[in-house]
Amino acid sequence: MELSLFNILDILGTIAFAISGALSAMNRRLDPFGIFIIAFVTAIGGGTIRDVLIGNTPVTWMENIIYVYLIGLVTILAIVFRNKLFYLKKSLFLFDTIGLGVFTITGVETGIQNDLNPIISIALGAMTGTFGGVIRDILCNEIPVIFRKEIYATACLLGAFVYIILFDLGVDADIIYLTTSLIVIGIRLIVVKYHISLPSFYLSSNEKSE
């Protein structure tokens, strides 16, 4: 595998999401096999769905076994150093945010490389960034973050939109990668710190009874 900035960021996103998956599984007191499965699907879920949709098969992790080894190693390290990870407050949120930011750009870049419409590329970026977390939360019997009031997918969409603009302006690819991922990560950190969320809509008690 060529060690370009794009591939390095892809590996970083895989590591971050694998750790977030492992932490979620340990929070649910799953056994080691369960922890690995949750870590694995969290790390490769979004990218797998993206590759299947664009017809890129076998999907990335099947062609590069290094991803399987990497996720396995990260899972073992997460279990061994679980006390230190849990000691870091909001470590699950931190690793999930890093994975979100990095995988958003890999999704957009994949769409561009396949000559897809910019809107579709933005959608691929959001899907790549969020769907691994969606699968993780469903398997851990939680409401996925993307379906709550938190600004989650919106951060991906904004970052992906900036990516397209910078790409059209001819900005250097490495600068685009770093800028876009930092935008997504920055948005997530700010909205959580200041408790900024999207409005929620629900039926009142009277409306439910009608």
Original post:
Residue-wise, which Karplus ³J(HN,Hα) couplings in Hz belong to the stretch 174-184, taking 6.51 cos²θ - 1.76 cosθ + 1.60, θ = phi - 60°, and x for glycine or proline?
Top reply: 4, 5, 4, 4, 5, 4, 5, 5, 5, 5, 4
Subject >> Value of [θ]222 nm, deg cm²/dmol, for the chain, DSSP H segments ≥ 4, -39500 (n - 2.57) each, nearest 500 >> reply: -25000 deg cm²/dmol
Original post:
Are there chymotrypsin sites (Phe, Trp or Tyr not before Pro) in the stretch 1-106 that DSSP puts in a loop and that have at most 13 other Cβ atoms within 10 Å, and which ones?
Top reply: F81
Original post:
What is the spin-label model distance, in nm, from T154 to L53 if the labels are put 7 Å beyond Cα along the C-beta direction?
Top reply: 2.1 nm
Subject >> Whole-number percent relative contact order across the stretch 1-143, with pairs defined as alpha carbons under 8 Å at least 6 apart >> reply: 34 percent
**OP:** With a 1.4 Å probe and every protein chain kept in, tell me what percent of the accessible surface of the chain is carbon plus sulfur.
**Re:** 66 percent
Original post:
Roughly speaking, what is the stretch gain from V171 to K193, that is 0.36 nm per residue apart minus the C-alpha to C-alpha distance, in nm to one decimal?
Top reply: 4.8 nm
Original post:
Ignoring ligands, DNA and RNA, what accessible area per residue does the stretch 1-151 give at 1.4 Å, in Å²?
Top reply: 50 Å²
**OP:** Between I15, I185, I196, find the one with the highest GNM mean-square fluctuation for the chain; connect C-alpha pairs within less than 10 Å.
**Re:** I196
**OP:** Quick one: what are the phi-derived ³J(HN,Hα) couplings along the stretch 116-128, Karplus 6.51/-1.76/1.60 with θ = phi - 60°, whole Hz, x for glycine and proline?
**Re:** 8, 4, x, 5, 5, 5, 5, 4, 5, x, 5, 5, 5
**OP:** Work out from phi, with θ = phi - 60° and the Karplus expression 6.51 cos²θ - 1.76 cosθ + 1.60, the ³J(HN,Hα) of each residue of the stretch 97-103, listed in order in whole Hz, and give x for Gly and Pro.
**Re:** 5, 4, x, 4, x, 6, 6
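Counting only protein chains, not ligands or nucleic acids, how are E142, E109 ordered by accessible area (probe 1.4 Å), most first?
Heavy-atom accessible area, descending, gives E142, E109.
The values are calculated or read from the model by the stated rules, or taken from the named source; none is laboratory data. Everything numeric here is computed off the predicted structure, so don't read it as measured data. Every residue, glycine as well, gets a Cβ built from its backbone with ideal geometry; the counts of neighbours run over all protein chains shown. For the accessible areas, the whole protein counts, side chains as well, though only heavy atoms, and no ligand, DNA or RNA atoms are used. Shrake-Rupley method; radii C 1.70, N 1.55, O 1.52, S 1.80 Å.
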